[in-house]
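The values are calculated or read from the model by the stated rules, or taken from the named source; none is laboratory data. Quantities reported herein were computed from a predicted structural model and do not represent experimental measurements. Quick reminder, even Gly has a Cβ in these numbers, built from the backbone with ideal geometry, and neighbours come from all protein chains shown. Side chains included, ligands, DNA and RNA excluded: accessible areas come from the protein's heavy atoms. Shrake-Rupley method; radii C 1.70, N 1.55, O 1.52, S 1.80 Å.
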Amino acid sequence: MNTFGTLGLSSALVETIEAFGYKNPTPIQEQAIPVLMSGDRDFVGLAQTGTGKTAAFGLPLIELVDHKSKLTQALILAPTRELCLQITEGLTTYCKGYKPLQIVAVYGGASITDQIRQIKRGAQIIVATPGRLIDLTSRKVIDLGVINYVVLDEADEMLNMGFKDDLDKILSFTPKEKHTWLFSATMPKMVRDIASNYMKNPFEITVGEKNSGNANIEHQYVVVRDKEKYSALKRLLDYHSDIFGLVFCRTKMDTQEIADQLMRDGYNADALHGDLTQPMRDRVMNKFRNRELNVLVATDVAARGIDVIGITHVLHMNLPDDIEYYTHRSGRTARAGKLGISIALITSRDVKKIPMIERMIKGKFEQIKVPNGPEICQRQLMRLVDRVHEVEVNDKEIDAFMPKVYESLQDLSKEEIIKRFAAIEFNRFLEYYRDAVDLNPAAERKRGEREVGARPVGTSAGFERMFINLGKLDGLDKGRMLQIVCETADVTKKSVGKIDILNSYSFFELEKGYEQQAVKRAQGFEYKGRTIRIDVAGDRPERTDRPDKAPMPFNKKSGDKKFPKGNSRKRRGELV
């Protein structure tokens, strides 16, 4: 196997990067660096995410750029802020102790004034997102006419994100005699067109097969009902108790909602999406890199460029609309030669997409089951046993306390002590999953069974369904409704189950035995001048939201719900 010293890099730079623990180059680095070190050819490198492309172009740039000149000699374009910052951080690390280069990150969402100040001090290398670069170029802050090297990193993603016109504009400002290096995970027609229009006889290498996936990733999928995906996600997280992973969602709203739910349920999680300010994004990413978070929930665009070593799992709450995104998503794990697992949570209607992705990644998926309660409890218990074996014991400090401990436990046998210490940590999982139902679609579920953390089917065992004459039109959400129910009925939160809020009234579950107390105690209570009424729901209509409590007539021909004359939605003051 080659070392960095055999690739044409200076011994001083090799010593610098080896000091950071980098000994052997990855395949893309091994093939690209000798070509790029010549500094006289355009270049196309095709390799999957996580194969070390940043060092493949970064190390030659560091060698070729003159640190004595303050002119901007190299431009690196990246599709996202995260990747822009990541490249800047990587190149800055490689330079330490070797060459005093000024490397400036230019991206939207941060102070343009600060970026202008850094550039004017002299920036030999600029790493930029297309939009902010065009802004600074139009302000005459950056002169692209003196650029010697242009690097297009994640070129396929820049084009997928709609930067084609921006790239054309930027490249038109650069000199014809420059050298262009293009790196991409895939080579669709638009990327090929960029190479044809702006590059002269480029040297092209492909590491692995085009559009193929990382061989170190184990691809799995579970089939689950759409409404139970969140419960299935929690079970997978509990089963893989040592997870350090990414969860992908399709929309910003889904991303934030799932992250919020996970945090409420006690997981070390947070969200990363386009609605966050740059300081918020930086704060979340720093927490994730430092492993203060076990789970990062992200959109495709926001997670582009995340290069965090050690991600064990990538979970997909849905398959991406463009299946090529699957390769980019799953490529966040299994970096630097490590193994990783990619798990897709799909519904039965999406199973047909799996063979398409298999052909694209040239690999196979394994269908797995959503873990059941006993499986999770067993896994958690064995994880606890592993921790007992792995824990470091400071004999000198702890020995002084042990006589008292031995004395207090002398009435228990060895087996009892082990069992009780295990139970301290383990009881919550036993309690949580005791009555958990099977989430796999083929499993038969009895009416009234309830999945922990999921929307119940029917009324939960041990609860009675209740009616209250307050709803969304009163400005109530579930949190506030829970408070009102507890105060009015004089019960604790533990006695209240699922809450279903409609427009002008709502239903809630109440622990059996408190029904009449709730009905009686509610008399005389008011909310915003409105007298509160609580009743046992009985045969009340489930989904009709009408104050007269009569079911809506249904037109079988058209499928439209008819409103009786004199009682239209407009007259009731509802928005049509």
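Using unit Cβ charges (K, R positive; D, E negative) and no other charged atoms, how large, in debye to the nearest 20, is the dipole of the stretch 3-126 about its Cα centre? Present the calculation step by step, with values, prior to reporting the outcome.
Details: 11 positive and 10 negative charges, 86 e Å.
In total the dipole reaches around 420 debye.
Of the accessible area of the chain, with the probe set at 1.4 angstrom, what percent is carbon plus sulfur?
Numbers: 14720 of 29330 Å².
Carbon with sulfur: 50 percent of the solvent-accessible area.
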Amide proton proximity set for Met466, modelled H, under 5 Å, gap of 5+: Phe508, Glu509, Leu510, Ala537
The stretch 477-530: C-alpha gyration tensor shape, a/c 1.5 cut-off, then a/b vs b/c: oblate
FRET efficiency estimate (nearest 0.05) - Cβ-Cβ, Arg139 to Ile424, R0 60 angstrom: 0.45
Modelled FRET efficiency - R0 30 Å, Ile309 with Thr6, Cβ distances, 0.05 increments: 0.80
Distance in nm between pseudo-label sites at Ala215 and Gln278 (7 Å out along the Cβ direction from Cα): 4.1
On Cα atoms only, tilt of 189-198 relative to the major axis of the chain in degrees: 30
Nonlocal amide H pairs with Val44, under 5 Å, H built at 1.01 Å: Leu182, Phe203, Glu204, Ile205
Tensor-based shape of the stretch 326-449 (alpha-carbon gyration tensor, a/c under 1.5 rounded, otherwise prolate or oblate): oblate
Entry for mean projected area of the Cα convex hull in nm² (calculated from the structure that is shown) out of (1) 37.7; (2) 28.2; (3) 30.3: (1)
Å² of accessible area per residue within the chain, as computed with a 1.4 Å probe and no ligands counted: 51
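Between Gln261 and Phe173, 0.36 nm times their residue separation minus their Cα-Cα distance comes to what? Can you show the working numbers first?
Details: separation 88, 0.36 × 88 = 31.68 nm, distance 4.75 nm.
Gain on stretching Gln261 to Phe173: 26.9 nm.
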Centroid-to-centroid separation of the stretch 309-334 and the stretch 231-286 [C-alpha atoms, Å]: 14
Pair Glu204, Thr347: separation of 7 Å Cα→Cβ label points (nm): 4.1
Pairwise label distance in nanometres, Lys362 with Asp435, each label 7 Å out on the Cα-Cβ vector: 5.3
Tally of Lys pairs whose C-alpha atoms are under 25 Å apart, taken over the stretch 1-121, 8 or more apart or cross-chain: 13
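Hey, with R₀ at 45 Å, roughly what FRET efficiency would His67 and Asp242 work out to, going by the Cβ-Cβ distance, to 0.05? Please list the in-between numbers first.
On the way: r = 44 Å, r/R0 = 0.97.
With R0 = 45 Å, the Cβ-Cβ based efficiency is 0.55.
If a/c stays under 1.5 just call it rounded; otherwise compare a/b with b/c (prolate if a/b is bigger, oblate if not). Do that for the stretch 205-277, with a ≥ b ≥ c from the square roots of the Cα gyration tensor eigenvalues. Mind showing how you got there, number by number?
Values: a/c = 1.99, a/b = 1.49, b/c = 1.34.
Because a/c hits 1.5 or more and a/b exceeds b/c, the stretch 205-277 counts as prolate.
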Relative contact order of the chain, defined on C-alpha pairs under 8 angstrom at six or more residues apart (%): 11
